[in-house]
Every structure is written in structure tokens, then in C-alpha cells.
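J.: Here it is, the structure in full.
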Amino acid sequence: MAENHKVPAHLRPETRKWVRDVIADFDLEPHHFRVLVKTAEAWDRSEQAREQLVGGLTVNDRAGIPKAHPCVAIERDSRTAFFRGLRELALDGVDAPDAPRAPRTPDYGARR
């Protein structure tokens, strides 16, 4: 089924590689692939926000009072979305032995 999944070009190169690796290792249904893409987007957004925070975690408002930089919330929310997406996909099966998850591709063990 992986041949039906097109990795979006707007993802960062390392994120596109991660998505391709997941597609190669798991037989994803179309709805699982959409969750994977949104999870990857959340990762990229978190990284983008983190990069904006190099200058500091606070900004001064009009009155000169330090406030949390808006990217702090963006990073936090995107990180939360990323981990929720991972949990939804259950790629590592840590939730429970009988937790529903996408089956691995037949050649998974041979590639490792």
C-alpha cells in the first residue's frame, strides 16, 4: 500500500525521510497515512517554533513587560500534537500487546 502514499514536499527533508521510513516499515491505511502526515507536520512546526526561540523565551510587550514568546506555546502545542499522533499510530506497540496498530511490512525484519 506504500506506493499509494505521496510524502508531502512541504515537510522538512529529515521529516520526509522519517515519513518514508515509516511507510516502508508499516502497511498504512489511507487514514493512518493522514495521521502520519499531520504528525510529521506537528514535528516540523515544533522545530520551526523552537528555532524562533533562539533569541529567548520572552518578549517585551508595549509597556516593556516581559511576556512569554508566542513560539513557546506553538512549540508546546505542536510537540503535544506530535506525541498524540505517535500514540494514535501506535507504531511501536507500547500501549498494549493487543493495541491496534498498522501491521509491519513483510520485509521489515530483513531491512534492519
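J.: Return the residue satisfying two criteria in turn: it lies in region 41-79 and is in a helix (DSSP H, G or I) and either among the hydroxyl-bearing types (Ser, Thr, Tyr) or touching a residue at least 40 places away in the same chain (Cβ under 8 Å) (or both), and of such residues it is nearest to Ala9 (Cα to Cα).
T.: Here the residue is Ala42.
J.: Within region 3-20, how many residues turn out to be at pLDDT 95 or above, assigned to a helix (DSSP H, G or I) and among the charged types (D, E, K, R)?
T.: Summing the residues that are at pLDDT 95 or above, assigned to a helix (DSSP H, G or I) and among the charged types (D, E, K, R) in region 3-20 gives 4.
J.: When the residues of region 83-98 are narrowed to those that are under 24 Å from Ala40 (Cα atoms) and part of a loop (DSSP other than H, G, I, E, B), which ends up modelled with the lowest pLDDT?
T.: Ala96
J.: Another question, if that's okay. Please enumerate the residues belonging to region 41-67 that are of a type in the set (A, V, I, L, M, F, W, C) and buried (at least 17 other Cβ atoms within 10 Å of the Cβ).
T.: Matches in region 41-67: Ala42, Trp43, Ala49.
J.: Scan Thr80, Thr105 and give me the residue that is at pLDDT below 95 and among the polar types (S, T, N, Q).
T.: One residue alone meets the criteria, Thr105.
The values are calculated or read from the model by the stated rules, or taken from the named source; none is laboratory data. Being a predicted model, the structure only gives us computed values, none of them experimental. For neighbour counting, all protein chains shown are included, and Cβ atoms are generated from backbone atoms with ideal geometry for every residue, glycine included.
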